[in-house]
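A quick write-up on the structure given underneath.
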Amino acid sequence: MQIINLSYPDHYQLDIEPTSVAVGYFDGVHKGHQEVINKAIKESEKQNIKSAVMTFNPHPLEVIKKEPLKDFLITSLNEKEKILENLNIDYLFVVTFNKELAQLLPENFVQKFFIDLNVRHVVGGFDFSFGHKGAGKIQNMDQYSKGKLSYSVVDKVTYEGDKVSSTRIRDLLNEGNMSLVSKLLGRPFTLKARVVHGEKRGREIGYPTANLGIDPSHKLPKIGVYAVKVSYHDQTYYGMANIGFNPTFVDDLSQPLVEVHIFDFNQSIYDEHIEVEFHQYIRSEEKFSGVDELIYYMKQDERDTKNFFQILN
Ligand SMILES: Cc1cc2nc3c(=O)[nH]c(=O)nc-3n(C[C@H](O)[C@H](O)[C@H](O)COP(=O)(O)O)c2cc1C
Ligand SMILES: Nc1ncnc2c1ncn2[C@@H]1O[C@H](COP(=O)(O)OP(=O)(O)O)[C@@H](O)[C@H]1O
């Protein structure tokens, strides 16, 4: 997959082959988004052209609200790139979302970002809008492109009767309903991050924890303890994670920490990247009377996690 960064009003001289492109912000790349992307791939095969995804960065809300998003994005740009890479897309266009782009008339957006880029077919979801005040509707593509592009609109995808949407997934993350989140995403909710330094308390209490460096804009599941799987250097491990404020030891953390104790693992992985899949909410985070009570509960968490994954204690 070739990643091409674009921004308006910059001029660019690009040599891009004809494409069928799926367009959207695609936060989470959930089952609904996957249908849009698959349609673009199918159409590229039919027309014997390349497949592409066009996404935006940062999130439009950040530009409209003029402040950084907090606890919002289901996938960082980096995570999105990795998911798309696995879908075998030929090109990923990452369009900078800025004030200028937000003001483009739909017909100008279509000229600049589709026709000028050699796009032949555009696929969007039934409710996708673009351009000035979101007035551009994919359904009006013939008018904007003066018939120069073909397009398809993908219908609402539902799960158990309700629309699959990024908002629904955020609500389920707030509830810690990881099994339903997995169903709507088509894969477990995953954080990909660098391991950063913590307070070095973990190893003292017999449970070293890899602390994840996560951008505050990333959505996190509700505060508490989770059964997780960790990928590191092409190997998968089981583990237990805590998302929280370590109230037993600290009382003034402004951001929740995400930390993972990996079972049967004993390597120094500071500054390395790991991927953590959240499979099951285990319990809420508590303020314990001290280290001994915390250790007692962490032992119980280890048993609960191993029972959940059906691995031997
Ligand atoms: C499975 C698990 C459960 C945890 N539960 C709690 C908890 O309920 N309350 C709490 O204050 N800290 C909890 N912690 C966080 C520990 O306080 C933290 O891992 C420890 O202080 C080590 O911190 P460090 O990585 O900064 O050294 C938990 C950590 C893990 C891995
Ligand atoms: N089983 C394990 N699970 C998680 N991290 C481990 C494990 N074994 C060793 N480590 C290493 O130890 C570090 C965590 O130790 P800890 O004392 O909790 O330090 P910190 O407070 O800096 O996170 C991890 O970042 C990692 O490099």
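Here the Gaussian network model covers the chain, with springs between Cα atoms less than 10 Å apart; of Thr158, Thr190, Thr55, Thr158 fluctuates the most.
Could you pull out the pairs from Lys39/Lys146; Lys80/Lys229; Lys112/Lys163; Lys42/Lys70; Lys70/Lys133; Lys65/Lys148 whose alpha carbons sit more than 27 Å apart here? Long pairs (Cα-Cα over 27 Å): Lys112/Lys163; Lys42/Lys70; Lys65/Lys148.
Applying the Kirkwood pairwise sum to the alpha-carbon positions of segment 188-309 produces a hydrodynamic radius of 14.5 angstrom.
Listed values for segment 135-146 are Karplus-derived 3J(HN,Hα) couplings in whole Hz (6.51 cos²θ - 1.76 cosθ + 1.60, θ = phi - 60°), namely 6, x, 10, 4, 4, 9, 4, 4, 5, 5, 9, 6, and x replaces Gly and Pro.
In summary, the convex hull built on the alpha carbon positions of the chain has an orientation-averaged projected area of 17.8 nm².
Across segment 187-193, coupling constants 3J(HN,Hα) worked out from phi with the 6.51/-1.76/1.60 Karplus curve, θ = phi - 60°, read 6, x, 5, 10, 10, 10, 7 Hz, and Gly and Pro carry x. Over segment 86-209, the hull volume per residue, using the convex hull of the C-alpha atoms, is 189 Å³. The calculated P(r) of segment 2-159, using every Cα pair and 5 Å bins from 0, goes 2, 9, 19, 23, 24, 16, 6, 1, 0 in percent.
Distant-in-sequence amide contacts of Ile282, defined by a placed amide H-H separation under 5 Å and a gap of 5 or more residues or a different chain, comprise Val225, Tyr226, Ala227. Sorting the segments 259-267, 32-40 by their residues' average number of neighbouring beta-carbon atoms within 10 angstrom, most packed first, yields 32-40, 259-267. Listed by chain and number, the aspartates and glutamates placed with their C-alpha closer than 18 angstrom to that of Lys192 are Asp27, Asp71, Glu79, Glu81, Glu85, Asp215, Asp234, Glu259, Asp271, Glu272, Glu275, Glu277; residues fewer than eight positions away on the same chain are left out.
FYI, it's all coordinate maths here, none of it is from the lab. What you are looking at is a predicted structure, and each value in this text was computed from that prediction instead of being measured. As a convention, Cβ positions derive from the backbone with ideal geometry for all residues, glycine included, and neighbour counts pool all protein chains shown.
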